[in-house]
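> Before I ask anything, here is the structure I am working with.
What follows is calculated from the coordinates using simple rules that are stated; it is not laboratory data. Keep in mind it's a predicted model, so treat the numbers as computed, not measured. Because the Cβ atoms are built from the backbone with ideal geometry, glycine has one as well, and the counts that use them run over all protein chains shown.
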Amino acid sequence: MPKKVKFRKSHRGRMTGISKGARTVAFGEFGLEAVEPVWLTAQQIESVRVTVARRIKKVGKFFLRVFPDKPVSKKPIETRMGKGKGNPEFWVAVVKRGRVICELGDVDEATAKEIFRMASYKLPMKTKFVRKEV
């Protein structure tokens, strides 16, 4: 979650269309690209980070390119309608199609594919493996 936000609660927004930024591999040599739009929760992002960190040990470099900066509010269970919007419950990152979620550097392609395969199990969407365009 961010340290400070301008507004405590946000609108739901749209997830249609292609990602505006982070569409190419910029920091590493290999990346994991989103094929469908989704809200990635902070817990899911952390789960991917831990999985990749355990796999690469100290050999490669890992770059996360998503950050949960959108608050999602919920009303308490068994509450009647009305009386305003609920309180923020968790934080999400809006991931649209074509966005590179994470990148790996200083590892060979076979290792990167295996690591991203393990990481993709933790994600609630379809992903694809991409290489840096030269």
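> Calculate, for F63 and R117, the FRET efficiency according to 1/(1 + (r/R0)^6) with r their C-beta to C-beta distance and R0 22 Å; round to the nearest 0.05. Can you show the working numbers first?
Details: r = 18 Å, r/R0 = 0.81.
The pair F63/R117 has a calculated efficiency of 0.80.
> Rounded to the nearest 20 debye, what is the charge dipole size of the chain about its Cα centre when +1 sits on each Lys and Arg Cβ and -1 on each Asp and Glu Cβ? The partial results should precede the final answer.
Working: 32 positive and 13 negative charges, 168 e Å.
Around 800 debye, computed over the chain.
> If I stretch the segment between D108 and Q43 completely, what's the gain in nm (0.36 nm per residue apart, minus their alpha carbon distance), one decimal?
Working: separation 65, 0.36 × 65 = 23.40 nm, distance 2.81 nm.
Extra length available between D108 and Q43 comes to 20.6 nm.
> Taking Kirkwood radius over Cα pairs in Å as the quantity of interest, determine which of (1) 14.7; (2) 18.5; (3) 16.1 was computed from the displayed structure.
Computing Kirkwood radius over Cα pairs in Å and matching it to (1) 14.7; (2) 18.5; (3) 16.1 gives (3).
> Rank A119, A26, A34 by mean-square fluctuation in a GNM of the chain with C-alpha springs under 10 angstrom and give only the top-ranked residue.
Of the options given, A26 has the highest mean-square fluctuation.
> So what's the gap between the Cα centers of region 103-128 and region 62-91, to the nearest angstrom?
28
> Could you tell me which GluC sites (Glu not before Pro) in region 38-134 are loop residues by DSSP with no more than 10 other beta carbons within 10 angstrom of their beta carbon? Kindly include the intermediate steps, with their values, before the conclusion.
Numbers: sites: E46, E78, E89, E103, E109, E114, E133; in loops: E78, E133.
Filter output for region 38-134: E78, E133.
> Helix-only estimate, please: 222 nm mean residue ellipticity of the chain, summing -39500 (n - 2.57) across DSSP H runs of length 4 or more and dividing by its residues, to the nearest 500. Intermediate values should be presented prior to the final figure.
Values: 2 runs with 27 residues, N = 134.
One gets -6500 deg cm²/dmol as the mean residue ellipticity at 222 nm.
> List the chymotrypsin sites (Phe, Trp or Tyr not before Pro) in region 1-77 that DSSP assigns to loop (not H, G, I, E or B) and whose Cβ has at most 12 other Cβ atoms within 10 Å. Which are they?
Values: sites: F7, F27, F30, W39, F62, F63; in loops: F7, F27.
Within region 1-77, the qualifying chymotrypsin sites (Phe, Trp or Tyr not before Pro) (loop, at most 12 other Cβ atoms within 10 Å) are F7.
> Return the equivalent ellipsoid semi-axes of region 34-91 as a descending list in whole Å, where each equals the square root of 5 times an eigenvalue of the C-alpha gyration tensor.
Working: eigenvalues 236, 27, 16 Å².
Values for region 34-91, descending: 34, 12, 9 Å.
> What is the gain in length, in nm to one decimal, between R12 and E89 on full extension, counting 0.36 nm per residue of separation less the C-alpha to C-alpha distance? Walk me through the intermediate numbers first.
On the way: separation 77, 0.36 × 77 = 27.72 nm, distance 1.36 nm.
That works out to 26.4 nm of additional length.
> Are there chymotrypsin sites (Phe, Trp or Tyr not before Pro) in region 80-128 that DSSP marks as loop and that have at most 15 other Cβ atoms within 10 Å, and which are they? Could the numbers behind the result be given before it?
Numbers: sites: F90, W91, F116, Y121; in loops: Y121.
Qualifying residues, ordered by number: Y121.
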